[in-house]
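What follows is a short report on a single structure.
The values are calculated or read from the model by the stated rules, or taken from the named source; none is laboratory data. Since the model is a prediction, treat every value here as computed from it, not as a measurement. Cβ sites come from the backbone with ideal geometry, for glycine too, and all protein chains shown count toward neighbours. For accessibility, only protein heavy atoms count, side chains too; no ligands or nucleic acids. Shrake-Rupley method; radii C 1.70, N 1.55, O 1.52, S 1.80 Å.
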Amino acid sequence: MTLPIEDYALIGDCETAALVGRNGSIDWLCLPRFDSEACFAAILGTEENGHWRIAATDPNAKITRRYRPDTLILETRFETKTGTATLTDFMYPVEPHPHIIRFVECEEGKVEFETEFVVRFGYGEQVPWVTMLRDGRLRAVAGPNRVVLQSSVKLRGEDFRTVGKFTVEPGKRETFALTYTESYIPEPPEADPQGLLVKTEQYWRGWTSQCNAEGPYADIVKRSLITLKAMTYAPTGGVVAAVTTSLPEQFGGPRNWDYRYCWVRDATLTLLALMNTGYYEEARAWREWLLRAVAGSPKQMQIMYGIAGERRLYEIELPWLKGYENSTPVRVGNAAHDQVQLDVYGELLDALHQARKGGLAPEQSGWELQLAIVEQLEEMWHQPDDGIWEVRSGPEQFVYSKVMAWVAFDRSISSAERFKLRGPIARWRKTRDAIHKQVCDMGYDKDLKSFMRSYGSKEVDASLLLIPAVGFLPATDPRVIGTVAQVEKTLMKDGLVQRYDTSKANDGLPPGEGMFLACSFWLVDAYLMMGRQKDAVELFERLLALRNDVGLLSEEYDTTAKRLCGNFPQAFSHLALVNSASNLGRDGRPVEQRCDTEEGTDAKESAAAPST
């Protein structure tokens, strides 16, 4: 039986991650990287597509769970009629080979447990050849992939599964360790579960001790930051949008996408979330990932890349997986990687500007590449594009895309003036002003008193909430106030914001999806900038209530089913949470940092830069 998305928790080692259900079953795991083929894929199919369950045999057991404070070590507690026991799950970062470690310990009485291990490589399709090593460990091999299962419990094979039963009492601990290596190298040595537990706790507590979050939401922010750290591919610094593919935006529908990649669109939100909470090393690594990923011809710049900067993310469908709650197709890869989306230019150049302001690198670093990117944007900003929401219905003149093209020129001018970098400032300023005029003339509907989704449209979309945050217009401008009112009127449902009305706006797919959680956080920020503090706090706390019991958010929320939906956990949701919490709780907040534009503080503080 498929678990609700909110019944899963995350464990990871900063190179890959697993989803562990409340029932003690690991139903999603890709090895050895986030974007590798899954060996446990039950969440997108059935148990036959791979899972590893360890749970009390009592079907009426009361189950609660938590993360150990300031760590990614998951504890699932089973209370039965005969006793209470805890399952502990974790992965140790920076190991040469991925390990999943699982402990079962009894607190009182005695509790019977069972384990069932079904590994299926190739996204749940490939049955491996399983043998026992001389040291008693089980080895499962299929092609280049191998996992070795170490267990203190006696296991047996049964119908292509590995199963076992055991009872724990106080003072007795049973341990399990799953290790991945390529099949063509020597077997890995036996794992030391207790030693890895100590090192894992030390790692996460040491990392979270750097967090400078303060105020009433500090612990919530810290949990989101731990989640984002777990979704960061440590060797490169790239942050994946989610650790899953094809968890549906609409249950039973086709809006199922692979999010195990890195989006340029997340650039500025990620940078500010990390810098504002004290994580400059991670922010610097993210900036370096951005520069490596987009390096090359600006004409070939993509909206997303693989976790090491890979560019070919071809999309295919996996027909042997029935999809989460029969939501098909299950997709691997993402065809949107070759779309044209003008907003990513603004996001990238805003991120580089914020990085300079934050002192992440020498001011000149990346400037030559930026000059080439701006030159490319000068040639294409007036063209239609596929937009922030990656529609599959064809290009349009999206208003938010034009706003972010304006941001690209504005931040380039700001960097040139503030840091005395050479560039054609006068020409950039002329282009920036032309974009601003065009958006205000063609993207604003005087009858509706609102900016629109695209030129000539009568519909809004939630990205327009970012107009004041990026500094295009102040939050007090009547056009911004009217746009927020139109979003509230047409896109809010049950107190949350949808991206756009899929029943009215053609995006190339059947209508229907959940409320996109980041959009509601954007409304929190807009309320704050408009002086609507009470509305901002109420909406923010409503959003916090949607987190699951261990503090995780997905991409969207289904207000009818009252369930999380979409890929999980979602970096965009957690980044928006961190930044909104910072906006609510401290000075120098992200909305003020981003709207600190060339026309405002930057220009006043900067001396004239040399112009070419």
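Computed quantities for the displayed model
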{"quantity": "Strands (runs of 3 or more DSSP E) completely within segment 5-70 that count 1 or more residues being of a type outside the set (Phe, Trp, Tyr) and open to solvent by 40 Å² or more (accessible area, probe 1.4 Å)", "calculated": "51-56, 62-67"}
{"quantity": "Checklist (1) assigned to a loop (DSSP other than H, G, I, E, B); (2) under 29 Å from residue 555 (Cβ atoms); (3) open to solvent by 10 Å² or more (accessible area, probe 1.4 Å) applied to residue 382, failing item", "calculated": "(2)"}
{"quantity": "Residue tally, condition in a loop (DSSP other than H, G, I, E, B), surrounded by 13 or more Cβ atoms within 10 Å (Cβ to Cβ) and without any contact (Cβ under 8 Å) to a residue 40 or more places away in the chain, over segment 164-211", "calculated": "1"}
{"quantity": "Residue match in segment 345-358 (condition: within 30 Å of residue 211 (Cβ to Cβ), open to solvent by 30 Å² or more (accessible area, probe 1.4 Å), touching a residue at least 12 places away in the same chain (Cβ under 8 Å) and not aromatic (Phe, Trp, Tyr))", "calculated": "yes"}
{"quantity": "Any hit, segment 233-246, residues being within 21 Å of residue 68 (Cβ to Cβ), touching a residue at least 60 places away in the same chain (Cβ under 8 Å) and surrounded by 18 or more Cβ atoms within 10 Å (Cβ to Cβ)", "calculated": "yes"}
{"quantity": "Residue check, residue 120 open to solvent by 10 Å² or more (accessible area, probe 1.4 Å) and touching a Leu at 6+ places or on another chain (Cβ under 9 Å)", "calculated": "no"}
{"quantity": "Residue match in segment 445-459 (condition: part of a helix (DSSP H, G or I), of a type outside the set (Ser, Thr, Tyr), open to solvent by less than 30 Å² (accessible area, probe 1.4 Å) and at pLDDT 95 or above)", "calculated": "no"}
{"quantity": "Condition met for residue 247 (assigned to a helix (DSSP H, G or I) and either within 17 Å of the chain's Cα centre (by Cα) or more than 16 Å from residue 554 (Cβ to Cβ) (or both))", "calculated": "no"}
{"quantity": "Hits in segment 578-600 (condition: at pLDDT below 90, of a type outside the set (D, E, K, R) and either touching a Cys at 6+ places or on another chain (Cβ under 8 Å) or farther than 14 Å from residue 472 by Cα (or both))", "calculated": "585, 588, 590"}
{"quantity": "Tally of residues being within 27 Å of the chain's Cα centre (by Cα) and farther than 27 Å from residue 418 by Cβ across segment 338-383", "calculated": "4"}
{"quantity": "Members of segment 250-271 found to be out of contact with any strand residue (DSSP E or B) (no Cβ under 6 Å at 6 or more places or on another chain), outside any loop (DSSP other than H, G, I, E, B) and either among the basic types (Lys, Arg) or open to solvent by 10 Å² or more (accessible area, probe 1.4 Å) (or both), listed by number", "calculated": "265, 266, 269"}
